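Chemist: Below: one structure in structure tokens.
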Amino acid sequence: MPATLTRSPLTAADRCDRCGAAAKVRAVLTSGGELLFCQHHANKYGAGLRDIDAAIESEAISA
């Protein structure tokens, strides 16, 4: 049975990789890496991320 990686929920401490605002969206790349985005940058780069088959996860922020 393959191992499953679980990612922790986004918290208020998680920041957008582009601008430093609060992260609202996680993009998980096929290579296993991840990028965090505020909603503005998730909207801006979403189509390109989907083109490279990144998994887009939008989560409620945990305290």
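Chemist: Which residue is surrounded by the fewest Cβ atoms within 10 Å (Cβ to Cβ), if the candidates are limited to segment 5-15 and must be assigned to a loop (DSSP other than H, G, I, E, B) and of a type in the set (D, E, K, R)?
Modeler: Taking the candidates together, the pick is Arg7.
Chemist: Would you mind stating whether Arg18 is more than 10 Å from the chain's Cα centre (by Cα) and either surrounded by 18 or more Cβ atoms within 10 Å (Cβ to Cβ) or at pLDDT 95 or above (or both)?
Modeler: Values: more than 10 Å from the chain's Cα centre (by Cα): yes; either surrounded by 18 or more Cβ atoms within 10 Å (Cβ to Cβ) or at pLDDT 95 or above (or both): yes.
The answer is yes for Arg18.
Chemist: So, one more: Pick from Arg26, Arg7, Arg15: which is basic (Lys, Arg) and in contact (Cβ under 8 Å) with a residue 40 or more places away in the chain?
Modeler: Arg7
Chemist: Let me ask another. Give the number of residues within segment 21-63 that are part of a loop (DSSP other than H, G, I, E, B) and either loosely packed, with under 15 Cβ neighbours inside 10 Å or touching a Ser or Thr at 6+ places or on another chain (Cβ under 6 Å) (or both).
Modeler: Restricting attention to segment 21-63, the residues satisfying the condition of being part of a loop (DSSP other than H, G, I, E, B) are 21, 23-24, 29-33, 38, 52-54, 59-61, 63.
Subsequent filtering for residues that are either loosely packed, with under 15 Cβ neighbours inside 10 Å or touching a Ser or Thr at 6+ places or on another chain (Cβ under 6 Å) (or both) retains 21, 29-33, 52-53, 60-61, 63.
Number satisfying all stated conditions: 11.
The values are calculated or read from the model by the stated rules, or taken from the named source; none is laboratory data. Please read all numbers here as calculations on a predicted model, not as lab measurements. With ideal geometry, Cβ positions are generated from the backbone for all residues, glycine too; neighbour counts draw on all protein chains shown.
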